[in-house]
Amino acid sequence: MTHLEARGTAMGALEEAHLATAAAAAAVAACDCHEEDEEEEHDIVEVGGGDGEAPADAMETAVRELLLGLGEDAGREGLRRTPKRVSKAFRDGTRGYTQKVKDIIQGALFPEVGVDKRTGSAGGTGGQVVVRDIDLFSYCESCLLPFSVQCHVGYVPSGGRVVGLSKLSRVADVFAKRLQNPQRLANEVCGALHASIQPAGVAVALQCWHIPLPENLKCKTLQGWISTSHSSCSGVFEGENSSFWNDFSMLIKLRGIDMERVSHSASISWCPLKSYEVPVCNGHCKKATINGAISPKSIPAPSNMVSAVSSMLLSLGEDPFRKELVGTPLRYVQWMIKFRACNLDVKLNGFTLNNLSVYKSPAGDAIDHQAIHSELHFPFCSQCEHHLLPFYGVVHIGYFSSGDGEVIDRSHFQALVHFYGCKLQVQERMTRQIAEAVYSVSRGGAIVVVEANHICMISRGIEKLRSSTATIALLGQFLTDPSAKAHFLQNILDATGLAV
Ligand SMILES: Nc1nc2c(ncn2[C@@H]2O[C@H](COP(=O)(O)OP(=O)(O)OP(=O)(O)O)[C@@H](O)[C@H]2O)c(=O)[nH]1
Ligand SMILES: [Zn+2]
């Protein structure tokens, strides 16, 4: 049975199980690892979609199912187009399945002889070409979250031909834009370049960073992400004492990058969400267990949400029954349900602001800056409601402490930040909600600054790796008195040690 036939059977089974809500067949994107199979395209059977827009495809239907599973109103402003955006983001993030290396390399090889006209390698016998610091983003196959990749590719030209430099990055991107694990990514880039350029050898070195679990995201930058290094090589780079490998690692060391030759088995998963032994989800998700004990952090996931993610995999042309993907739908749902729309926390924790100290500022008092209290650097991880991708960073809160110097316990603010952060959000709304909640207690005024990295801006779309977003909300005297605001902002600067 060919791969496509097997997938057709799997799709049929899944279709009965959960595509009853939307009879849609997954677009089966031909990927060049099945080039020998006849390329068969399944039409996407369009089903009723949003408001007058093109009807939803299977992926959008599945995302809508996830939003409902999160207790959200999928029709509300902010979420109405989320299924379409998430579908577009995932398709763009896995466009590599439909790209072909030969289309990239064809016509991109040009003659360049080595020194003394020998037909050896270009740039001189024994010479090699290394393209360093290729920024890529790929999708973790174990949890469907994006991971950051710094890729370095070297090859030793032969036959007096070199390839256009950009093509090395483009080929790396073909394999990055798939559901991946780092070692397989390194192997596939190396193998594809060797097969298409026919050089004396290829070396690929990857540094990868996986977003940590939300509770471990205590950072404003990519620090704190789970990092790992992988390499793959062919031809003259192989062998413990390959001088070509030594030259390659030296040429990337010139960039301050120390890459040992590390090649793991492609089956070892690095994904932090894979830390729980995840039972194959049979639709009646039992709690994941670690050596028999119920892991405190694993949250049973509603099977309709898990099935929806399986259909997303199918819709991307992937095989949800591929062994590396079997636990993926459950892990992705476990990540998503951390951001459920839930006001239950407020009631259950008895966390109401009004049992905190209330401060009434005497009207017209000259601002006593000592009365301004700053609580800084509350880490948070939220989920962008437009793309269902995390944004995370820190929250800084300023308020007027009560007349007798009484201040609000810091733990209340952390709970407040968690409450408004841990849901589908936009950063401006989260900033406002926290400020209004603080202002409801300290009537003198409240100010909130949020600094965040948006994975949706870093890993896709405009892909601006170093971009970050700051938002500010002012209430009461922070709005009316510029010096109070300046005082608080200076406090943040002083605390970051950046003040000059
Ligand atoms: N203001 C604001 N915008 C956000 C936030 N999170 C994501 N976005 C933006 O939401 C917008 C969605 O724009 P759309 O054009 O509907 O979707 P898109 O085609 O995926 O947009 P691109 O990201 O530009 O590719 C994007 O511009 C995102 O940057 C947020 O917290 N606040
Ligand atoms: Zn992962």
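A compact table of results
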| quantity | calculated |
| --- | --- |
| Residue match in the stretch 415-435 (condition: crowded, with 20+ Cβ neighbours inside 10 Å, within 16 Å of ligand 2 (Cβ to nearest atom) and closer than 26 Å to S138 by Cβ) | no |
| The stretch 417-453: number of residues that are more than 12 Å from ligand 1 (Cβ to nearest atom), among the β-branched types (V, I, T) and not in a strand (DSSP E or B) | 4 |
| Selected residue (criterion: surrounded by the most Cβ atoms within 10 Å (Cβ to Cβ)) from residues of the stretch 59-78 that are touching a residue at least 40 places away in the same chain (Cβ under 8 Å) and touching a Lys or Arg at 6+ places or on another chain (Cβ under 9 Å) | M59 |
| Among (1) of a type in the set (K, R); (2) at pLDDT below 90; (3) more than 16 Å from ligand 2 (Cβ to nearest atom); (4) closer than 27 Å to R80 by Cβ - the single one K347 does not satisfy | (4) |
| S459 being out of contact with any Cys (no Cβ under 7 Å at 6 or more places or on another chain), within 16 Å of ligand 2 (Cβ to nearest atom) and polar (S, T, N, Q) | yes |
| Leading residue by the ranking (farthest from ligand 1 (Cβ to nearest atom)) among those in the stretch 479-488 that are farther than 21 Å from Q414 by Cβ and either in contact with a Cys (Cβ under 6 Å, 6 or more places away or on another chain) or in a helix (DSSP H, G or I) (or both) | S483 |
| The stretch 241-252: number of residues that are surrounded by 12 or more Cβ atoms within 10 Å (Cβ to Cβ) and outside any loop (DSSP other than H, G, I, E, B) | 8 |
| Among (1) modelled with pLDDT of 95 or more; (2) more than 21 Å from G461 (Cα to Cα); (3) not in a strand (DSSP E or B), the one test that R170 misses | (2) |
| Qualifying positions in the stretch 454-476 - surrounded by fewer than 21 Cβ atoms within 10 Å (Cβ to Cβ), more than 10 Å from ligand 1 (Cβ to nearest atom) and touching a residue at least 60 places away in the same chain (Cβ under 8 Å) | L465, S468, G476 |
| Single match in E463, E428 (criterion: at pLDDT below 90 and among the acidic types (D, E)) | E463 |
| Looking only at the stretch 80-105, and only at residues there that are surrounded by fewer than 21 Cβ atoms within 10 Å (Cβ to Cβ) and in a loop (DSSP other than H, G, I, E, B), the one that is nearest to the chain's Cα centre (by Cα) | R81 |
| Subset of the stretch 383-416 [under 24 Å from P146 (Cβ atoms) and either outside any strand (DSSP E or B) or more than 17 Å from the chain's Cα centre (by Cα) (or both)] | E385, H386, H387, L388, V394, V395 |
| Answer residue from the stretch 210-229, given it is in a loop (DSSP other than H, G, I, E, B) and at pLDDT 70 or above and is nearest to H396 (Cα to Cα) among those | G224 |
| The stretch 180-191 - residue that is crowded, with 23+ Cβ neighbours inside 10 Å and not polar (S, T, N, Q) and, of those, farthest from I105 (Cα to Cα) | P182 |
| Options C151, C143; residue that is within 24 Å of S229 (Cβ to Cβ), modelled with pLDDT under 95 and surrounded by 21 or more Cβ atoms within 10 Å (Cβ to Cβ) | C143 |
| Per-region count, the stretch 130-181, residues touching a residue at least 60 places away in the same chain (Cβ under 8 Å), in contact with a Cys (Cβ under 9 Å, 6 or more places away or on another chain) and closer than 12 Å to P199 by Cβ | 1 |
| Among (1) surrounded by 23 or more Cβ atoms within 10 Å (Cβ to Cβ); (2) out of contact with any helix residue (DSSP H, G or I) (no Cβ under 6 Å at 6 or more places or on another chain) - the single one G444 does not satisfy | (2) |
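The values are calculated or read from the model by the stated rules, or taken from the named source; none is laboratory data. Quick caveat: nothing in here was measured; it's all calculated off a predicted structure. Virtual Cβ from ideal backbone geometry, glycine too; neighbours counted across all protein chains shown.
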